1. In whole percent, what relative contact order does the chain give with Cα contacts below 8 Å and a gap of six or more residues?
2. Return one whole number: the accessible area per residue of the chain in Å², for a 1.4 Å probe.
3. Given N residues in region 423-495, what is Rg(Cα) / (2.2 N^0.38 Å)?
4. In cubic angstrom, how much convex hull volume per residue do the alpha carbon atoms of region 694-735 span?
5. To one decimal place, what orientation-averaged projected area in nm² is obtained for the convex hull of the Cα set of region 414-546?
6. Tell me what the chain gives for mean residue ellipticity at 222 nm when only DSSP H runs of n ≥ 4 count, each as -39,500 (n - 2.57), the sum divided by the residue total, rounded to 500 deg cm²/dmol.
7. Got a number for carbon plus sulfur as a percent of region 105-169's accessible area, 1.4 Å probe?
8. Suppose R0 equals 30 Å; then what is the FRET efficiency for GLU662 and GLU165 from their Cβ-Cβ distance, rounded to the nearest 0.05?
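The values are calculated or read from the model by the stated rules, or taken from the named source; none is laboratory data. Because the structure is predicted, anything quoted here is derived from the model rather than measured. Neighbour counts run over all protein chains shown; Cβ positions are idealised from the backbone, glycine included. When the accessible area is computed, the model is the full protein with side chains, heavy atoms only, and any ligands, DNA or RNA have been set aside. Shrake-Rupley method; radii C 1.70, N 1.55, O 1.52, S 1.80 Å.
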Amino acid sequence: MTAHQKMDKADDRNRLDDMVQGLVGTPMDRPDGPLKVSGQATYAHEWDVPGMLYGVLVRATISKGRVTDVASDAIVGQNGVRAVITDDRLLRRPAQGGADEAPPQGSKQVDYFGQPIALVVAETFEQARHGAHVLAVSYESEGNAAFDPEAEDTDTDLPEDDQFEQGDLDRAMHDAAFTVDQVYRTPGHNSAAMEPHCAMASWDGDKLTLRGSYQMLNYNINELADALHIVPDNIRMLSPYVGGGFGSKLGISPEAVSAAIAAKEVGQPVCVALSRPQVFETTMRRSETRQHVRLACDADGVLTGIGHECLVSNLPGESFYEPVTQATHFLYGGKHRKLGIEVARINRTCGGSVRAPGEAVGMQVLENALDELAEAAGIDPVDLRKRNVPDRHPEQDIPYSSRRFTEALDEGAKIFEWDKRNRKPGSLREGEWLIGHGMAGAARVNILSEARARVTLHADGRALVETDMTDIGTGTYAILTQIACDMLGLPADRVETRLGDSDLPSGPGSGGSWGASSSGSAVFLACEEIRRAIAGKLEIDEAELRLGNGKAGSGQEARSIREILDGETLSAEGHIEPGQTLEEMQQATYGSYFAEVAVNAVTGETRVRRMLGVFGAGRILNEKTATSQCYGGMIWGIGSALTEELVFDNRDGHLVNHDLAEYHVPVNLDVPQIEVVLLEERDQWASPIQAKGIGELGICGAAAAVTNAIYNATGIRVRDYPATLDKLLAELPEA
């Protein structure tokens with residue numbers, strides 16, 4: 001049995017509201033939680049594969065040029081080294097998310113410092129690491145490498161799809177009652193997932209099994225097949241547990257292809273695990289940005305113009321660029337608009353998707369500029385935003401789907417007691433600490449992606465959910481279980497969910513915040529088909545069917561599922577596709593942030609003392625996992641505001657802080673008690689289950705609430721992130 005739905009029109013049935021079991025939306029514990037905390041969940045580096053050899057990547061020590069010689073003979077056969085792989089199929093960088101084909105290959109060409117150029121394979125990891133360290137490599141360096149995206153001689157291009165102009169912004173700025181015209185800068189970021197990248201490859205004849213840490217098996221299997229020049233049917237990928245990704249594991253990466261090539265060549269399984277510096281150097285970075293923002297409003301604070309022009313960077317030839325202005329296009333009104341992105345072509349590690357590409361850095365800057373405009377106009381920052389929520393998309397003139405932005409602003413202000421905030425910058429003190437309050441809006445585009453899932457209801461009344469969708473810590477195991485439980489009327493211990501196996505029906509992958517709503521919709525559709533089959537056996541309409549606690553019926557009469565099935569197994573595949581609703585409606589998720597900071601007037605140290613986030617993201621499928629995602633996004637926002645930045649040496653382009661000792665993510669003492677409020681919402685245009693994505697919303701503007709609060713505390717505007725103490729010390733008022 002199959003069930004297919006294309007979202008060409010709204011689905012306002014809200015069926016999950018009326019199910020007997022009532023698990024969807026509750027904070028149900030993760031079914032995989034006990035396995036993870038007891039060490040029984042098998043991550044990429046933990047598979048027990050007999051005969052395993054180990055590979056360590058060799059990285060380039062020039063920034064642009066060619067490899068002319070690799071002295072393999074000097075180390076092969078010595079100290080356990082079995083092979084040195086320099087195959088032309090080796091990847092120079094990872095595939096972009098959703099590429100569905102191999103990224104640039106051929107390790108002889110060097111595009112950036114740290115690029116993988118060879119793989120040393122040995123009997124132990126330590127032997128492979130030593131071999132990689134001593135392997136002699138000769139280069140022919142090219143002297144025209146570019147490292148500084150803002151240098152005058154750096155080549156740039158203007159993507160046609162991201163240049164937009166409407167009206168006359170210059171005139172709007174000239175005629176406005178109040179304006180903001182500022183340049184802001186954000187540094188590059190690394191995903192820095194807890195689990196480093198790893199791949200284990202083993203061959204059985206022409207069949208490859210690759211165990212790894214990847215987010216999107218539906219694309220990764222095709223990327224791997226393309227890189228190896230084999231057919232996807234000869235590959236099985238396994239990623240049942242992924243220890244975080246944040247975009248860094250969207251596409252197939254160098255460790256996977258090198259492990260597969262090496263395993264074939266030496267005739268034994270090969271494991272390639274990246275060290276933390278290798279993770280930083282060979283996976284995707286978020287581009288640094290320079291953002292020129294212009295805002296114009298009338299005397300009542302109503303926007304008449306918005307300008308958001310950005311410079312980002314990537315390697316020459318890469319099609320991806322940070323979509324900085326993504327939310328600026330639709331969030332606020334303003335008749336006169338100019339938005340654009342320019343891409344600098346430089347020889348740094350590859351730019352790609354890092355959690356909430358676009359909004360993570362675009363929203364924090366836009367929300368800084370809104371705060372500056374509120375001050376210039378003498379209008380409360382919350383009220384200014386509410387005055388500029390448009391009725392229709394200001395550029396495309398299409399309606400919005402469900403949008404609880406205003407409610408998020410109001411609810412946040414109420415809970416935070418915004419009316420009691422410090423109103424005069426630098427005026428509230430506690431000893432040597434300056435106290436400030438700030439807020440910001442949140443927005444992230446919503447996407448529904450094609451997904452399939454199979455649900456099997458066994459004769460004993462147990463159900464099995466299967467899809468190659470992954471769980472990267474987001475709660476997929478729990479959410480898909482909850483949907484199946486409610487639709488089939490089963491308790492959670494009667495439903496098993498299997499993920500992360502490319503032999504299973506193809507899901508959307510974990511990325512773009514689309515995983516839960518897309519895979520959840522596929523499971524929902526499969527369960528609906530099974531419900532129809534059960535209703536048919538009872539000779540009733542499916543709409544009348546009541547399933548709960550393992551029983552089925554209508555009205556007062558109910559029979560056990562086992563009795564109804566009478567030894568039969570029912571199986572159905574659900575298939576969801578995006579449709580016209582994505583084109584006809586502006587779909588997004590929304591929220592607000594409120595923060596209180598203390599800035600030390602002597603040292604310049606900033607401490608976030610409390611933080612609140614209020615979010616609307618359609619139907620919340622699991623309160624606990626959704627809240628956890630928002631926690632994580634807001635914590636990353638604190639890091640973006642105060643500590644996180646990739647530092648490159650512009651002499652040769654190498655990444656200076658390529659480990660967690662020097663790339664400073666927030667730790668326990670940096671993070672206050674965070675409060676998250678999830679608004680009740682249903683979006684009938686987004687999916688059959690009325691859910692939208694929430695995995696990335698929590699970061700989209702969070703940093704701005706912190707830096708706006710720093711201004712409120714000190715009177716200092718930090719427009720060059722992060723707001724480290726050296727950027728505050730010179731202008732701090734006397735203690």
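1. Details: 2042 pairs, mean separation 136.1, N = 735.
After rounding, I find 19 percent.
2. On the way: 27260 Å² over 735 residues.
Here the per-residue accessible area is 37 Å².
3. Numbers: Rg = 23.5 Å, N = 73, 2.2 N^0.38 = 11.2 Å.
Rounded to two decimals, the normalised Rg is 2.09.
4. On the way: hull volume 3.2 nm³, N = 42.
In region 694-735, the Cα convex hull volume per residue is 76 Å³.
5. On the way: hull surface 54.2 nm².
For region 414-546, averaging the hull's shadow over all directions gives 13.6 nm².
6. Values: 16 runs with 175 residues, N = 735.
Computed ellipticity for the chain at 222 nm equals -7000 deg cm²/dmol.
7. Values: 1490 of 3590 Å².
Within region 105-169, the accessible surface is 41 percent carbon and sulfur.
8. Values: r = 41 Å, r/R0 = 1.38.
That gives a FRET efficiency of 0.15.
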